[in-house]
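Below: the structure, in structure tokens.
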Amino acid sequence: MAGLLTFSARTDAALRPHAFLPPAPEAVTSLGMSPTPVQNVSPQQQMLEFITSAWKTQLVATVARLGLADALAGGARSSDALAHEVKAHPDGLYRLLRGGVAIGLFEEKPPRTFSLTPLGACLRSSGPGAMADLAISQADRSHWLPWGQLHEAVRTGLPTTRQVLGADIWEHFAKHPEEATFFARAMGAFSAPLASDVVRAHDFSRYARVADVGGSQGILLAAVLRAFPGCRGVLFDLPHVIEGAREHLKAEGLADRTEVVGGSFFEPVLPAADAYLLKNILHDWDDASSIALLTQIRRAAPAGARLLVVEALIPEDGSPSSTALLDLNMLVLVGGRERTASEFKALLASAGWALERITPAGSLVSVIEARQHLSDNRG
């Protein structure tokens, strides 16, 4: 892929790994990340596209930073008029717009007049399908610089953020709130549709009380409670995160059906519930940390409680998947990982949970349901 600033157990919570979720697979493919060969293009031409893709990332981000999609929303305009509005050098902006034409963001008609294409309209700052914040955050130093040291992450198995940023990703966001803001807004834009997919995929009516662990602003929990009026909810996150969650749930008219609890999910302070939700939390963490978290939940869970892990899955059969690219993103940024279904089964078993079923939820994630192992002795 877990408000403005919400870090995980180390800092703010909406900036965590769903934080690092890419767009839906069809969007990933359209951005040139398709693993399949392109028809009528030689391997060398396709490789050249890969090698120079960094140019496109920064071009797209610059279009977003300057607000050009918003400026062109009303119709075609001259490059000089746009330069004046966005306070850019006239020739520099014309060259940027011309580059945008090359990748399908704009159309140009003489003399130097540009209009927005449907692809370019994705770079609006707001509205349905707006992706400007995501474009900016992916080109910011918080992502750009760590990826430049991918080779070091592959050699060491460790994230590269401290090496290039002087801090881990959460500390960096805390020191640079502008970058954190773009990132959090980008992640928030994906949370609502993902939450809708989850409530369509899983029947929450069998639970009286659902706890969203690391639930950030409560977008998923709110979706569950709206869809299943017989449920009550508990949102659990860090103390400095929960005030934002409390405000969001109140604005949704759900304050009377929710309890908001502050604490670290690595400590024995988790609330009792019939079901525990973990949405895009475990991919933030290595196996040892994930097992520690899952063990804390098992110890807090009443008999018969269910665990619902919402995550992307890497295919077991080795088939090409954009989740493999997300896995590298997790390695570089936080030292976490994406997992296969078998890896989740083993991870859950190590913490005393037995995998029951996996249900796809939309095109990006699945709901992984587990129960307490029959031999659970609360140890």
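Coordinate-derived values only; no laboratory data. The structure displayed is predicted, hence computed values, not measured ones. FYI the Cβ positions are ideal-geometry reconstructions off the backbone, even for glycines, and counts take in every protein chain you see.
Please label the shape of region 195-288 as rounded, prolate or oblate, based on the square roots a ≥ b ≥ c of the eigenvalues of the alpha-carbon gyration tensor (a/c under 1.5 means rounded; beyond that, a/b larger than b/c means prolate, else oblate).
Taking the square roots of the gyration eigenvalues as a ≥ b ≥ c, region 195-288 is oblate.
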(request) Place a +1 charge on the Cβ of each Lys and Arg in region 40-126 and a -1 charge on the Cβ of each Asp and Glu, then give the dipole magnitude about the Cα centre in debye, rounded to the nearest 20. (result) 80 debye
(message) From the helices alone, meaning DSSP H stretches of at least four residues, give me the mean residue ellipticity at 222 nm for the chain, per-run term -39500 (n - 2.57), in deg cm²/dmol to the nearest 500.
(response) -13500 deg cm²/dmol
(request) Treat the count of other C-beta atoms within 10 Å as a stand-in for reagent exposure and order Asp197, Asp287 from fewest to most. (result) Asp287, Asp197
(request) List the pair-distance distribution P(r) of region 40-126, using every Cα-Cα distance, as the percent of pairs falling in each 10 Å bin from 0 up to the bin containing the longest distance, rounded to whole percents. (result) 17, 50, 23, 9, 0
(message) If neighbour count is taken as other Cβ atoms inside 10 Å, put Trp147, Trp55 in order from fewest to most.
(response) Trp55, Trp147
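For region 99-208, what class follows from the C-alpha gyration tensor (a ≥ b ≥ c being the square roots of its eigenvalues): rounded when a/c is under 1.5, otherwise prolate if a/b is larger than b/c, else oblate?
oblate
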(message) I'd like the FRET efficiency for Gln58 and Lys109, computed as 1/(1 + (r/R0)^6) with the beta carbon distance as r and R0 of 35 Å, rounded to 0.05.
(response) 0.85
(request) Just grab the label-to-label distance for Arg200 and Leu145, each label 7 Å out from Cα along the Cβ direction, in nm (one decimal). (result) 4.1 nm
(request) Mind pulling the per residue volume of the convex hull built on the Cα atoms of the chain? Å³ is fine. (result) 151 Å³
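Quick one: Ile368, Ile242, Ile314, fewest Cβ neighbours within 10 Å first, how do they rank? Could the numbers behind the result be given before it?
Numbers: Ile368 26, Ile242 23, Ile314 20.
Fewest-to-most ranking of Ile368, Ile242, Ile314: Ile314, Ile242, Ile368.
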